[in-house]
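These notes are about the structure you will find just below.
The values are calculated or read from the model by the stated rules, or taken from the named source; none is laboratory data. It should be emphasised that the depicted structure is a prediction, and the values quoted were computed from it without experimental measurement. So basically every Cβ, Gly included, is an ideal-geometry build from the backbone, and we count neighbours across all protein chains shown. Keep in mind that these areas ignore ligands, DNA and RNA; they rest on the heavy atoms of the full protein, side chains included. Shrake-Rupley method; radii C 1.70, N 1.55, O 1.52, S 1.80 Å.
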Amino acid sequence: MATARKVRHPAATGDKATSLVERKLQALGLREPGDFVVHLPLRYEDETRIVPIASLYAGVHAQVEGEVMHSEVQFRPRRQLHATLRDDSGELALRWLNFYPSQQKQMEPGRRLRVRGEVRHGFHGAEMVHPRVSVAGLPLPEALTPVYPTTDGLTQASLRKAIDQALQTADLSDTLPDDICSRYGLMPFGQAIRMLHHPPATVSYADLIERGHPAWSRIKFDELLAQQLSLAAARAARRRQRAKPLAVAQGDLVQGLRNSLPFALTAAQQRCIDEIASDLGRSFPMHRLLQGDVGSGKTIVAAFAAAQAISSGCQVAIMAPTEILAEQHFQKLVGWLEPLGVQVAWLTGSLTPKARRLAAEAIASGHAQLVVGTQALIQDKVQFADLGLAILDEQHRFGVGQRLQLSRKGEHEANTGGLIPHQLNMSATPIPRTLAMTFFADLDVSVIDELPPGRSPVLTKLISDTRRDDVLGSVVTEVRLGRQAYWVCPLVEESEALQLQTAVDTHARLAAALPDLRVGLIHGKLAPAQKQEVMQAFRDGQTDLLVATTVIEVGVDVPNASLMIIEHAERFGLAQLHQLRGRVGRGSQQSICVLMYQAPLSAIARQRLRAMYETSDGFDIARRDLALRGPGEFLGVRQSGQALLRFADLETDALIVEQAQEALQELRKRYPDHAKAHLQRWMRNRQDYLRS
Ligand code: ADP
Ligand code: MG
């Protein structure tokens, strides 16, 4: 079994020259032999064979041997070294645009050389530009040559050398017990590792590259298992933390909220409220995700959780990713809870210093029982008297660090005696099953899987922007029926200034084209008070058409709006389109979402638009999105750029995910030492990240 050996790597010792290499290696996270052996190739080069020149074709990487027939330095079109190599079957042109005198010398006619590189179709037939050259006739390697992920200034040669040395000293013994290995048909770890670093030429190249080879399966299994072990450890650690139990509410507050609602809760909402209520009653912190498609009614569920916490005597914080959404929550929560005697405070970055100080004081003294706000809530200066529950709306919009910070707000407080607040995350983005089993394993999930009664699905139309006039006509029709519409401006990712200009222009054009309509404009650069005014006018029905940037993407809830137009829909991501479409279809009337696009469409844009047309099911959308973009987006780690899984792919390796999940339980129960060694091998460098 693997033990943590503190052996310095041979490549990482010695003089100054190696210390530069050492630094580069460290940048790749390679310190100890154990790190090197799991630094696995991206691809391979086949240097085991010499092929006839006549068999070459453009695009292939190949190795040939022959005699230099001719070489010269040419000056047109620019200075370059040109040579011809001949074998029994034909001739190959070689070309260098930069070269040393030594290379020129090497190309003397009559010499027999081995060259390797990518074949192109050049002026004189097959050619290689900047091939690698060695003497002909040297023994050929028996294994494929690995090509490793590397970093600037670190050559494949030094990386290979360091890894080969590590392979001799590292502990390659198995961290998994025999019965688990044989049950899942796993190749022994050491064998898999050696095979992947130096695969014999007989192994199927496709299996190696596409990672279908059993050696890769073993590595993926290990990686997924380690990742799940570490989440299970995090879960166990959370259960050892303490939180204030917030007694299941019989209190007036919860009852009062229920009595005052203008609608009946759906069964799904009620179930989620109950699940949260029972978590809140425990003495370790809740870590729950409330998941429900756009418009399913998550806000009221959060209000019930807040009511329960407040009636148990502690404070609640609700954080939203945009000021517009925070404002909307504030209004709703004030409407629901203030009549019941709850003190609600409001904190965003745009408050005047005085208003902000007053809010901070109310929060610190405990006078504010419920605090609604934006990221401003997690600033250091904000101190809670007794934070018992932290709620994050649209949690996927926050980074991992921000999520952690909000719940830590409670930890700092001396008067809570090390208690950690309960945490409720909310999101419309469903987590695909494989992700739920892996990255979210330490998260309990409640799902609102039904929409409030009386909603009919949004009708989605794909319309080319050449039919703009038809679209304008449908805006007029909708407004005549007493409804309202959103017009989302094209996304301009390259520049914020350009984005703003686009919004202003779009507004001007639409206002001119629709003189009878009241057209509003909202974008990120408006002052918060202005934003508030514009949203309020739209909510009050004083605006017919709201031209908007993606500031309205999440959360905004105006049930009378029934038409959503998205210009240049091909520029938006799938999750974004689904969210935007979710702004309509919130009332009982039939709503329409028009995706205007400009041809020609890229393949991926076409897939996204087709997905939007084919389904309105958020779960299906998320699954397709995962396939198109990979898991980073779901985890809110896009910013950190951290590769989440190096080898396994959640989509294609779903079976291995399940096997690893199954093995996890057994390993923890029956083989705790193996589990520890396994984590040590795979997670040494990644613990910090996973802890969040
Ligand atoms: P989301 O899940 O997208 O955050 P919201 O909480 O904004 O959804 O709710 C969407 C709309 O549905 C709101 O106008 C809300 O008042 C309304 N709503 C929520 N629950 C119900 C219900 N059970 N019956 C009718 N309307 C509801
Ligand atoms: Mg919402």
- Query: Taking the condition in the same structural domain as Lys161 (by TED's automatic domain parsing), modelled with pLDDT under 95 and crowded, with 17+ Cβ neighbours inside 10 Å, does Gly117 pass?
  - Reply: no
- Message: I'm checking my understanding of the structure. Among residues of the range 301-319 that are within 13 Å of ligand 1 (Cβ to nearest atom) and β-branched (Val, Ile, Thr), which one is farthest from Val371 (Cα to Cα)?
- Response: Val301
- Task: Kindly indicate whether Glu210 is under 21 Å from Leu159 (Cβ atoms) and of a type outside the set (Gly, Ala, Ser).
- Result: no
- Qualifying residue in the range 551-562 (condition: open to solvent by less than 40 Å² (accessible area, probe 1.4 Å) and over 23 Å from Pro430 (Cα atoms)): yes
- Counted residues, the range 477-493 - those being open to solvent by 10 Å² or more (accessible area, probe 1.4 Å) and closer than 15 Å to Val558 by Cβ: 4
- Taking the range 297-320 and keeping residues in a helix (DSSP H, G or I) and not hydrophobic (A, V, I, L, M, F, W, C) leaves Lys298, Thr299, Gln308, Ser311
- Query: Regarding Ser283, is this residue outside any loop (DSSP other than H, G, I, E, B) and either in contact (Cβ under 8 Å) with a residue 12 or more places away in the chain or hydrophobic (A, V, I, L, M, F, W, C) (or both)?
  - Reply: no
- Item | Total residues in the range 335-382, condition away from ligand 2 (no atom under 16 Å from the Cβ), open to solvent by less than 30 Å² (accessible area, probe 1.4 Å) and closer than 22 Å to Gln395 by Cα | 10
- Query: So which pairs qualify, if the first residue must be in the range 666-677 and over 13 Å from Ala226 (Cα atoms), the second must be of a type in the set (A, V, I, L, M, F, W, C) and open to solvent by less than 40 Å² (accessible area, probe 1.4 Å), the Cβ gap must be under 9 Å, and the two must be at least 6 apart or on different chains?
  - Reply: Glu666/Ile180; Tyr671/Leu176; Tyr671/Ile180
- Note on the structure: Here the residues within the range 530-550 that are acidic (Asp, Glu) and touching a residue at least 40 places away in the same chain (Cβ under 8 Å) are Asp544
- Selection over the range 532-551 where residues are closer than 22 Å to Ala512 by Cβ and not charged (D, E, K, R) yields a count of 10
- Query: Taking only pairs six or more apart or across chains, which ones have beta-carbon atoms under 7 Å, a first residue in the range 148-161 that is in contact (Cβ under 8 Å) with a residue 40 or more places away in the chain, and a second residue that is among the basic types (Lys, Arg)?
  - Reply: Thr151/Lys24; Gly153/Lys24; Leu154/Lys24
- Among the residues of the range 537-576, count how many are part of a loop (DSSP other than H, G, I, E, B), of a type in the set (Gly, Ala, Ser) and within 16 Å of ligand 2 (Cβ to nearest atom). 1
- Glu494 passes all but one of (1) under 26 Å from the mean Cα position of the chain (by Cα); (2) outside the structural domain of Glu553 (by TED's automatic domain parsing); (3) over 30 Å from Leu224 (Cβ atoms); which number fails? (2)
- Of all residues making up the range 321-369, the number that are assigned to a helix (DSSP H, G or I) and not hydrophobic (A, V, I, L, M, F, W, C): 15
- Item | Any hit, the range 521-536, residues being within 16 Å of ligand 2 (Cβ to nearest atom), under 21 Å from Ser474 (Cβ atoms), open to solvent by less than 30 Å² (accessible area, probe 1.4 Å) and not in a strand (DSSP E or B) | no
- Message: I'd like the residue in the range 262-300 that is within 8 Å of ligand 1 (Cβ to nearest atom) and among the hydrophobic types (A, V, I, L, M, F, W, C) and, out of all such residues, is modelled with the lowest pLDDT.
- Response: Val294
- Does Leu443 fit the bill of being in contact with a Leu (Cβ under 8 Å, 6 or more places away or on another chain), at pLDDT below 85 and either closer than 17 Å to Val584 by Cβ or away from ligand 2 (no atom under 16 Å from the Cβ) (or both)? yes
- Query: If you go through the range 243-264 one residue at a time, do you hit one that is farther than 30 Å from Ala390 by Cβ, charged (D, E, K, R) and open to solvent by 20 Å² or more (accessible area, probe 1.4 Å)?
  - Reply: no
- Query: Only one residue in Val334, Val344 is within 16 Å of ligand 1 (Cβ to nearest atom) and either over 33 Å from the mean Cα position of the chain (by Cα) or over 27 Å from Ser446 (Cβ atoms) (or both), so which one is that?
  - Reply: Val334
